Ligand code: GLN
């Protein structure tokens, strides 16, 4: 393997600065890697070879003339296929968006470009980000680079697999109920869901708008810090984005945790169905943080048990409304028909996959007149209680630690007929979305020395700096992030 592929964004940036590597060298190396392994991993849905090479040469020219735009100028990244730009099509894992190219650009894409980053391609995902395995893509499933017969997690499974397979040094994903953190965990990389409103959602294809958030994925926590600094900030085009200054995230990574109290929700470690091997790795990770000087305290999150139920009511309700726009008139796929009604019906029947239809049905049901109070309103009340749980817990601790996913990657196909099993993947991740809190997954070992597991860290609103500091400190004391999948044919 080309040694360039093993480097972090910071390391790549330093090499460019020193003149040891050009942007062109780097982009060629990653494109070469995509050629070499992506027919097996199938993380990518589109690769922008020619534009990427052109932009790399332009970045090298700019640097030579002293016009570098910053540390990330000339470095490549891949994007989940639900972030739009007029530069490429966006299919969002759905047949209904076949051929769709947006006339406008997601704010995060504009910001990455302004920082000089090069979009190498778009990554596979569950249709409309609904799923936990990337098997709900209308195109093809993606494989876990650590075990090609297993799922990469989802819904940002393409982004996670691409980073783990070193097809790109970093990626963006989106997280509504765990879709950045769970695939990061299953693929052995780092991934973060920022505070709701920290990053503009403008140009992210909407799934459940009160929960959706865009975030960075990479091989190093410090790379997430670099990327978050670029993509965060207020945006007039997203009224839910927060008017708060963006800190220098990387500056907070000093390796220390001895001033921090780590809250451990012991009860959650008894969640039925959680894999004991995964739980043991997470406990060991927490002990490592203790050895680094952090204090651990017990915390209670009593309403977490209702998290999944509340999440699947709220997200389906919002999805049923958000997805009503796909009627064959303005976007992508349109079925042939004699009448307008027939065209709507056929477009939606043929364009949406099974999971998306299931959610539209569930969401329409829970919002319907006679059931609104019984389901949707009750779910909103639980959401408030979950938020209160965290507020109270953070009176006694700074960061909460638990598993990211209840177990390691499972064989492709094993759970496609069992939606409930898929939904239960989100047991530990949905509460951070319901409460709008920032949360991070960091690699913390391998189940049976083969399948990655993730340590899940959650903190107070807008305190991403502390979260990244803990993740980075853990990473400095461990070597999980340095392992690479062999991907031997
Ligand atoms: N697995 C969850 C779901 O299917 C989370 C998805 C997400 O975060 N986009 O809803």
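The values are calculated or read from the model by the stated rules, or taken from the named source; none is laboratory data. The shown structure was predicted, so the numbers you read here are calculated from the model rather than taken from an experiment. Counting neighbours? That spans all protein chains shown, and the Cβs are built from the backbone with ideal geometry, glycine included.
Residues are listed down the side, and each one gets a yes or a no for (1) touching a residue at least 12 places away in the same chain (Cβ under 8 Å); (2) surrounded by 15 or more Cβ atoms within 10 Å (Cβ to Cβ):
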residue: 41; (1), (2): yes, yes
residue: 46; (1), (2): yes, yes
residue: 54; (1), (2): no, no
residue: 62; (1), (2): yes, yes
residue: 78; (1), (2): yes, yes
residue: 87; (1), (2): yes, no
residue: 94; (1), (2): yes, yes
Go through (1) assigned to a helix (DSSP H, G or I); (2) in contact (Cβ under 8 Å) with a residue 12 or more places away in the chain; (3) under 27 Å from the mean Cα position of the chain (by Cα) one by one and return the number of the condition residue 280 breaks. (2)
Quick one: which helices (runs of 4 or more DSSP H) sit completely within the stretch 357-453 and have at least 2 residues that are more than 16 Å from the ligand (Cβ to nearest atom) and in contact with a helix residue (DSSP H, G or I) (Cβ under 7 Å, 6 or more places away or on another chain)? 378-393
Please find, among 305, 280, 310, the residue that is out of contact with any strand residue (DSSP E or B) (no Cβ under 6 Å at 6 or more places or on another chain) and buried (at least 20 other Cβ atoms within 10 Å of the Cβ). 310
With the requirement that a residue be without any contact (Cβ under 8 Å) to a residue 40 or more places away in the chain, touching a strand residue (DSSP E or B) at 6+ places or on another chain (Cβ under 7 Å) and in a loop (DSSP other than H, G, I, E, B), what does the stretch 243-277 give you? 246
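Rundown of residues vs (1) away from the ligand (no atom under 16 Å from the Cβ); (2) part of a helix (DSSP H, G or I); (3) within 30 Å of residue 471 (Cα to Cα), yes/no style:
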| residue | (1), (2), (3) |
| --- | --- |
| 296 | yes, no, yes |
| 300 | yes, no, yes |
| 307 | no, yes, yes |
| 310 | no, yes, yes |
| 313 | no, yes, no |
| 320 | no, yes, no |
| 327 | yes, no, no |
Take residues that are more than 16 Å from the ligand (Cβ to nearest atom) and without any contact (Cβ under 8 Å) to a residue 40 or more places away in the chain and tell me which of the helices (runs of 4 or more DSSP H) falling wholly in the stretch 154-233 contain 1 or more. 221-231
Picking from 154, 149, the residue that is closer than 30 Å to residue 425 by Cα and touching a helix residue (DSSP H, G or I) at 6+ places or on another chain (Cβ under 8 Å) would be 154
Whichever residue in the stretch 107-142 is in a helix (DSSP H, G or I) and in contact with a strand residue (DSSP E or B) (Cβ under 7 Å, 6 or more places away or on another chain) and, among such residues, is farthest from the ligand (Cβ to nearest atom): 112
I need the full set of residues from the stretch 442-457 which are in contact (Cβ under 8 Å) with a residue 40 or more places away in the chain and surrounded by fewer than 24 Cβ atoms within 10 Å (Cβ to Cβ), in order please. 445, 446, 447, 448, 450, 451
Go through the stretch 190-214 and give me each residue that's within 21 Å of residue 465 (Cβ to Cβ) and out of contact with any strand residue (DSSP E or B) (no Cβ under 6 Å at 6 or more places or on another chain). 195, 197, 200
Can you name the condition, by its number, that residue 481 falls short on among (1) more than 19 Å from residue 292 (Cβ to Cβ); (2) under 18 Å from the mean Cα position of the chain (by Cα)? (1)
I'd like to know if the stretch 461-476 contains one or more residues that are closer than 25 Å to residue 162 by Cα, surrounded by fewer than 22 Cβ atoms within 10 Å (Cβ to Cβ) and at pLDDT 95 or above. yes
Please work out which one of (1) touching a strand residue (DSSP E or B) at 6+ places or on another chain (Cβ under 7 Å); (2) under 19 Å from residue 306 (Cβ atoms); (3) surrounded by fewer than 22 Cβ atoms within 10 Å (Cβ to Cβ) is the condition residue 439 fails and give its number. (3)
Answer from 15, 24, 46 - the residue that is on the phi < 0 side of the Ramachandran plot and part of a strand (DSSP E or B): 46
